[in-house]
Amino acid sequence: MFNVQLSFTNTTIFQFSSSFMAQHHLQLAATSSHGWLRATPSDAHSETSADKRWDSLAFNPVKTDYIYVMKSCKDGSFSNGGLRQYGNIEISPSAAVLNYGQGIIENLKAYKNKNGSIILFRVEENGLRMRVGADRMCMPAPTIEQFVEAVTSTVSANERWVPPSNKGFLHVQPLLMGNGPVLSLIPAPEFIFLIYVTPVRNYFEGGLKPINVVVENDIHRATLGGVGNIKAIGNYAGIMKAQAKAKANGFSDVLYLDSIHNRYLEEFSTANVFIVKDNTISTPVLGRTILPGITRKSIIEIAHRQGFKVEERLVPVEELFDADEVFCCGNAVCVLPVGSITLNGKSYITIYVKWCATELPERL
């Protein structure tokens, strides 16, 4: 059974105390010519009905207090970023992101620890992944330092929207998109880096429950030479049809196969996949179609240190049915056990992992 004590070294885990938050808010100001606002301790700690609504949280956007916006300069660098009140942004009708899909996203979480501090995990990894994705999409990107500062500033300014540890977490969504008028198929003349946050409930509402998934044979989430290995915004609309069909048939998620042989495991809709057999943990090898998940990377590091053999390779779909355990991992789900798998109309029951992903931040 894959049951390990979680710990990380050589990585950045940001923790904010209330006193740090208050001090940090006072430093978050920029020039009025860009419309930036100053977040104050009273903004962050004021009482609103939000404090009474934790029990009704869902996976829907909630209007919080502040967003972060930063635009590119002519040389491709980013500067003069800052906080704005939550609201709509201005974008050209002929923007590259709207007409040609030139945009990428990231996502991460802010948790409230039992002692009241707020935790962000491996933020610099998200910043690095955004830069790699931006290069593939012909886009400039903020530096990793700018990315980390923007994320911490946005979370800090929206501190009061971080739910208690037993109620949920603050979803953090950075976006990088091409703006400015374009008609030809060319990179945008201007780029916007944006971060918004929203509180959501714990994925494991009512306790950790294994999911039932279906293996998709017709629709593929990525192809060789495409952008399946980065978080391009267009990657997700293409699988909505398979996802909707699976949900309508009572499945929790879809597991996709490779587009060439239609045999090797790729990913779930928004999560990486692992299988466990004896002392060996296997996952699809990174390449031109597999997203380098940060939770995936962390699990591999943990498994190595705990003495497991880890194989990153082509994983045939048949191995799902001989595995001791199957689980998925990603920002939204953390680590989620798979209880049953359906392929070509036939369902198979799997043994699921015993450790609860909701405890991840507390055990770091």
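Check Leu170, Leu194, Leu208, Leu176 and return the single one that is touching a Cys at 6+ places or on another chain (Cβ under 8 Å) and not polar (S, T, N, Q).
Leu208
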Item to check | Residues (within 16 Å of Asn115 (Cα to Cα) and surrounded by fewer than 21 Cβ atoms within 10 Å (Cβ to Cβ)) located in the stretch 161-183 | outcome: Pro164, Ser165, Asn166, Lys167
Checklist outcome for this item: Going through (1) at pLDDT 95 or above; (2) under 20 Å from Pro337 (Cβ atoms); (3) open to solvent by less than 30 Å² (accessible area, probe 1.4 Å) one by one, Gly228 fails only at (2)
Item to check | Pair list, Cβ under 6 Å, 6 or more apart: the stretch 91-115 residue without any contact (Cβ under 8 Å) to a residue 40 or more places away in the chain and open to solvent by 20 Å² or more (accessible area, probe 1.4 Å), other residue of a type outside the set (S, T, N, Q) and not in a loop (DSSP other than H, G, I, E, B) | outcome: none
Checklist entry - Quick check, is Val213 in contact with a Cys (Cβ under 9 Å, 6 or more places away or on another chain) and crowded, with 19+ Cβ neighbours inside 10 Å? => result yes
Checklist entry - Given Gly330, Gly307, Gly287, which one is assigned by the TED database to the domain that holds Ser269 and modelled with pLDDT of 95 or more? => result Gly307
Checklist entry - What is the number of the single condition among (1) more than 28 Å from Leu343 (Cβ to Cβ); (2) modelled with pLDDT under 95; (3) in contact with a Leu (Cβ under 9 Å, 6 or more places away or on another chain) that Ser165 does not meet? => result (3)
Item to check | Within the stretch 190-210, considering residues that are modelled with pLDDT under 95 and touching a Gly at 6+ places or on another chain (Cβ under 6 Å), the one nearest to Gly339 (Cα to Cα) | outcome: Pro210
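Test Thr350 against the stated conditions and say whether it is at pLDDT below 95, touching a helix residue (DSSP H, G or I) at 6+ places or on another chain (Cβ under 8 Å) and either within 30 Å of Gly234 (Cα to Cα) or surrounded by 20 or more Cβ atoms within 10 Å (Cβ to Cβ) (or both).
So Thr350 passes the test.
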Item to check | Criterion: buried (at least 22 other Cβ atoms within 10 Å of the Cβ) and out of contact with any Leu (no Cβ under 8 Å at 6 or more places or on another chain) - qualifying residue of Thr283, Thr289 | outcome: Thr283
Item to check | Selection within the stretch 241-271 - at pLDDT 95 or above and either farther than 19 Å from Ser340 by Cβ or not assigned by the TED database to the domain that holds Gly330 (or both) | outcome: Lys241, Ala244, Asp258, Ser259, Ile260, His261, Asn262, Arg263, Tyr264, Glu266
Next on the checklist: Taking the criterion of being touching a helix residue (DSSP H, G or I) at 6+ places or on another chain (Cβ under 6 Å) and buried (at least 20 other Cβ atoms within 10 Å of the Cβ), would at least one residue in the stretch 245-256 satisfy it?
Outcome noted: yes
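The rows are residues; the columns are (1) in contact with a helix residue (DSSP H, G or I) (Cβ under 6 Å, 6 or more places away or on another chain); (2) over 14 Å from Val97 (Cβ atoms); (3) without any contact (Cβ under 8 Å) to a residue 12 or more places away in the chain; (4) open to solvent by 10 Å² or more (accessible area, probe 1.4 Å).
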| position | (1), (2), (3), (4) |
| --- | --- |
| Met139 | no, no, no, yes |
| Glu159 | yes, yes, no, yes |
| Leu185 | no, no, no, yes |
| Ile195 | yes, yes, no, no |
Checklist outcome for this item: Scanning the stretch 116-137 for residues that are open to solvent by 10 Å² or more (accessible area, probe 1.4 Å) and among the hydrophobic types (A, V, I, L, M, F, W, C) gives Phe121, Leu128, Val132, Met137
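The values are calculated or read from the model by the stated rules, or taken from the named source; none is laboratory data. Predicted, not measured: the structure shown is a model, and the values here were computed from it. All Cβ positions, even for glycine, are placed from backbone atoms using ideal geometry, and neighbour counts span all protein chains on display. Accessible surface areas use protein heavy atoms only, side chains included; no ligands, DNA or RNA. Shrake-Rupley method; radii C 1.70, N 1.55, O 1.52, S 1.80 Å.
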